[in-house]
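Enquirer: Would you mind keeping the following structure in view while I ask a few things?
Every number here is computed from the coordinates shown, using simple stated rules; none is lab data. Nothing here was measured: the structure is a model prediction, and the numbers come from that model. Reconstructed Cβ throughout: ideal geometry from the backbone, glycine too, with neighbour counts over all protein chains shown.
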Amino acid sequence: MSHLTDLPPWAAIAVCALLLLGATTTLVGSLGLLRLSDFYERLHAPTIATSGGTILICLASILCFAVLQGRWVFHELLIIFFVTVTTPVTLMLLGQAALYRDRFEERQDVPRKPRPALDEE
């Protein structure tokens, strides 16, 4: 039923190691949402750790199916590309939206927008 039993031992060990490392990294990033107190701190934990975990899990999938089917799987490469490209953009947009909201609500713990310097002649 499953072709995973056909994996050679070296590939099975590498796939398991990548999966465990990726799952642990993703778990640490998810726990960062619970552990960190501020929204701005919470942006970094899932962004960095969950992206890294997703990449490691995709690498495990690439290795597994490259050994079993003898070809590279293009879907995982697309997943890695899109996660790597879209995650920083999402981080910046969420951070800017939160900063705009906090400045609009005039929260005291948020740095004010710098005023342009006037040139005196």
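Enquirer: Please give the length that would be gained between V83 and S30 if that part of the chain were fully extended, namely 0.36 nm times their separation in residues minus their C-alpha to C-alpha distance (nm, one decimal).
Expert: Working: separation 53, 0.36 × 53 = 19.08 nm, distance 1.61 nm.
Length gained between V83 and S30: 17.5 nm.
Enquirer: Let me ask something else about it. I'd like the FRET efficiency for A97 and H75, computed as 1/(1 + (r/R0)^6) with the beta carbon distance as r and R0 of 25 Å, rounded to 0.05.
Expert: Efficiency at R0 = 25 Å is approximately 0.20.
Enquirer: A further question on this structure: What do you get when you divide the Cα radius of gyration of region 9-66 by 2.2 N^0.38 Å, with N the number of residues?
Expert: 1.31
Enquirer: Further question on the same structure: Relative contact order of region 35-97, please, whole-number percent, based on alpha carbon pairs below 8 angstrom and at least 6 residues apart.
Expert: So the answer I get is 39 percent.
Enquirer: If you don't mind, another one. Using only Cα atoms, tell me the angle between helix 74-104 and the longest principal axis of the chain; keep it within 0 to 90° and round to the nearest 10.
Expert: 20 degrees
Enquirer: Short version: what are the Cα gyration tensor semi-axes of region 58-105, square root of 5 times each eigenvalue, largest first, in whole Å?
Expert: 39, 7, 5
Enquirer: Looking at the chain as a GNM with Cα springs under 10 Å, which of T47, T90, T25 has the largest mean-square fluctuation?
Expert: Highest fluctuation of the listed residues: T90.
Enquirer: Next up: How high is the relative contact order of the chain, in percent, counting Cα pairs under 8 Å that sit 6 or more residues apart?
Expert: Value for the chain: 24 percent.
Enquirer: Pick from T50, T26, T86: which is most flexible by mean-square fluctuation in a GNM of the chain where alpha carbon atoms under 10 Å apart are linked?
Expert: T86
Enquirer: Still on this structure, please answer the following. Within 10 Å of each candidate Cβ there may be at most 15 other Cβ atoms; applying that plus a DSSP loop requirement, which trypsin sites (Lys or Arg not before Pro) in region 61-121 survive? Walk me through the numbers on the way to the answer.
Expert: Numbers: sites: R71, R101, R103, R107, R112; in loops: R71, R107, R112.
The qualifying sites are R71, R107, R112.
Enquirer: Taking every eigenvalue of the Cα gyration tensor of the chain, multiplying by 5 and rooting it, what semi-axes result, largest first, whole Å?
Expert: 44, 17, 10
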